[in-house]
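The values are calculated or read from the model by the stated rules, or taken from the named source; none is laboratory data. All values reported here derive from a predicted model rather than from experimental measurement. Counting neighbours? That spans all protein chains shown, and the Cβs are built from the backbone with ideal geometry, glycine included. For the accessible areas, the whole protein counts, side chains as well, though only heavy atoms, and no ligand, DNA or RNA atoms are used. Shrake-Rupley method; radii C 1.70, N 1.55, O 1.52, S 1.80 Å.
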Amino acid sequence: MACENDKKGHLLLALGLVLCVTLTFFPRVTEGRVPFACDPRNGLTRGFKFCNTHVPIHVRVQDLIARLTLPEKIRLVVNNAIAVPRLGIQGYEWWSEALHGVSNVGPGTKFGGAFPGATMFPQVISTAASFNQSLWQEIGRVVSDEARAMYNGGQAGLTYWSPNVNIFRDPRWGRGQETPGEDPTLAAKYAASYVKGLQGDGAGNRLKVAACCKHYTAYDLDNWNGVDRFHFNAKVSKQDLEDTYDVPFKACVLEGQVASVMCSYNQVNGKPTCADPDLLRNTIRGQWGLNGYIVSDCDSVGVFFDNQHYTRTPEEAAAEAIKAGLDLDCGPFLAIHTDSAIRKGLISENDLNLALANLITVQMRLGMFDGEPSTQPFGNLGPRDVCTPAHQQLALEAARESIVLLQNKGNSLPLSPSRLRIVGVIGPNTDATVTMIGNYAGVACGYTTPLQGIARYVKTAHQVGCRGVACRGNELFGAAEIIARQVDATVLVMGLDQTIEAETRDRVGLLLPGLQQELVTRVARAAKGPVILVIMSGGPVDVSFAKNNPKISAILWVGYPGQAGGTAIADVIFGATNPGGRLPMTWYPQGYLAKVPMTNMDMRPNPATGYPGRTYRFYKGPVVFPFGHGLSYSRFSQSLALAPKQVSVQILSLQALTNSTLSSKAVKVSHANCDDSLETEFHVDVKNEGSMDGTHTLLIFSKPPPGKWSQIKQLVTFHKTHVPAGSKQRLKVNVHSCKHLSVVDQFGVRRIPTGEHELHIGDLKHSINVQTTH
């Protein structure tokens, strides 16, 4: 999501469409929030059926829609929905954000007064590196606590357009930092976990807040080489759509039960996503059964009319979007053109009613039509529930779990504070604050910078070396070298920030910006003690020069580690925390970029053209660090205690056997009996053979039988376990043939190849034979 600053003004001011955002109606936060609707003190609304909480929601929704006029309906399908005073309904701003903490990027949330800030967790690409599903869900729970508290105080909404679950396909993408990485299984598990945390347990179809998975679909280019997201037509095969781009969205809806999906700016195969009924009405709502609403990215409807010239008239654009299944327009377009579209017969008022029903249903599931907020579930949350010590401790724990130890020559880390007189802290990100929370963030409770974190352990000597991450001059290099010669150890905190990678800003290369590489090399040459390189970034960085430099002892990737990032970094460097993070994306060499235009959406390689393919699943060339890489201060070994060697897939009919299995040696998943009997249990013993307690992430990959499918190696599941030094933990790993051993053919059909599949269980390899029965 969403809009540049000038576009926000367009959203809020066009044709005077804004009628005060709900926030502005409320008195001081200590006095509580005025009910959005159905105020029990308002005699006017007591008799309305839509206010009767004992009536089923769908009946209440239809009652309200029947009372609305056409002009009112039209002004309720845009993000800044109007008030309807005659029915006792306040205005509402749908657009709020909560990517990794309550954010003030959207107009629905304001910090100040009793809510000066909120807990800012590590950026999503960082927490993805933890491979910890329970952590993701707990972060969602905490964020929704703070969101509800701010809603109760009149400073936020209840509809949050997060998470971003697009696939981090190209390492240059400026928004890759917002995503869970390059792997569809990882992204799917993150999506479902975070959504569950945000929305609550779903008891009685209720919502704590309404999450939104974005940007559907195949959206991962912002502005590259003269091509921007407003004009880009993503040409995507059925195969890649099914086994890569759509996977996290499907998990959002089916497993996370998300209350909203956002369509994207780009076209997919010649159609704007927000005007494509196959994607919206048929897939999201039809096949997957979305229980919620579909919203446009901000001004997307205007974009496909004004920028993509997809329709001849604005009325046709409005009609195409609504008919495709769009329910809410972030922007003024539908408010301006829907009435004319109805008068011209392009759509009916009933089409509008269907969209409105989806929106009001979500608001009712949130309790917005249940009267006094303070008497409802979560109505007791307030300022005391934001930035609590427990919430800030979770932000610190998330940062610790997110740090990836990329290299550790001679076990140079951890450093021993008692043996160090003074440590040099050098680099443009040494004193980072807002850089650590990445984009789509809010106002943090407070910060601990890397310099402050290190200074809690040892005496420090500090020099930025570069004035900003762009690092255009070397005038401070000499001072940095002097420090490196004098101190006992040197920590270089380098990397990127939002001036290098951001929304609307894709990267031009993978190397450290400007003269950063020269600074690192010169400081390492001058240093008399160990040199620790810390990379703060969202996307991967080609640090081959450092990896191959014998003077650089260790390399850490810390992502954008959130408000407590400095504490977590120091805790890892000095051994209070044993690192356990794994890379959620491949770190490519700079030379890779010349072979892969950002506009090429193909995941698979094309030997005829020299196109090398993308991500660890399909790219087999040289890498700086591979997907899933991450070291520990401990050494872990695995052994199989229970490992079945065969699984039988039952074919549902003889016709299915004839049509699919015999011709391709692969069973269509739709023709197989995919119940729990196809789940095979493995027992894996993980032993910590080191002297320090640690956390081990067990990654399980599958590789299909040799032949047609053999190029594919895919992550199927993962488990994280804490193992004390010298101890052993037994993990139970379930592999389901339909979910985990299937592949997608060129027609977008999911199949289970028969024959010997190879499972990579940590460092182990195990073959399992898939056979068919009928």
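Listing for the model above:
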{"item": "Restricting region 456-481 to residues that are in contact (Cβ under 8 Å) with a residue 24 or more places away in the chain and part of a helix (DSSP H, G or I), the residue that is surrounded by the most Cβ atoms within 10 Å (Cβ to Cβ)", "result": "Ala480"}
{"item": "Pairs, first of a type in the set (Gly, Ala, Ser) in region 207-230, second assigned to a loop (DSSP other than H, G, I, E, B) and surrounded by fewer than 24 Cβ atoms within 10 Å (Cβ to Cβ), C-beta under 6 Å, six or more apart", "result": "Ala218/Val236"}
{"item": "Matching residues in region 521-551 - criterion: being hydrophobic (A, V, I, L, M, F, W, C) and in contact with a Phe, Trp or Tyr (Cβ under 9 Å, 6 or more places away or on another chain)", "result": "Val523, Val534, Ile535, Met536, Val541, Val543"}
{"item": "One residue from Thr599, Thr586, Thr521 being within 26 Å of Asn266 (Cβ to Cβ) and surrounded by fewer than 19 Cβ atoms within 10 Å (Cβ to Cβ)", "result": "Thr599"}
{"item": "Candidates Gly562, Gly575, Gly529 - the one that is on the phi > 0 side of the Ramachandran plot and surrounded by fewer than 24 Cβ atoms within 10 Å (Cβ to Cβ)", "result": "Gly575"}
{"item": "Test set (1) touching a residue at least 60 places away in the same chain (Cβ under 8 Å); (2) farther than 19 Å from Asp278 by Cβ; (3) open to solvent by 10 Å² or more (accessible area, probe 1.4 Å) - Leu366 fails condition number", "result": "(3)"}
{"item": "Tally, over region 542-562, of residues that are part of a loop (DSSP other than H, G, I, E, B) and under 20 Å from the mean Cα position of the chain (by Cα)", "result": "5"}
{"item": "Residue among Ser653, Ser639 that is at pLDDT 95 or above, of a type outside the set (Val, Ile, Thr) and open to solvent by 30 Å² or more (accessible area, probe 1.4 Å)", "result": "Ser639"}
{"item": "Any hit, region 689-697, residues being in contact (Cβ under 8 Å) with a residue 60 or more places away in the chain and in contact with a helix residue (DSSP H, G or I) (Cβ under 8 Å, 6 or more places away or on another chain)", "result": "yes"}
{"item": "Pairs where the first residue, in region 554-575, is farther than 20 Å from His629 by Cα and the second is open to solvent by less than 10 Å² (accessible area, probe 1.4 Å) and part of a strand (DSSP E or B), C-beta under 8 Å, 6+ apart", "result": "Gly565/Met536"}
{"item": "Some residue of region 157-179 being over 20 Å from the mean Cα position of the chain (by Cα) and buried (at least 24 other Cβ atoms within 10 Å of the Cβ)", "result": "yes"}
{"item": "So Asn132, is it within 28 Å of Ala568 (Cα to Cα), surrounded by 23 or more Cβ atoms within 10 Å (Cβ to Cβ) and under 10 Å from the mean Cα position of the chain (by Cα)", "result": "no"}
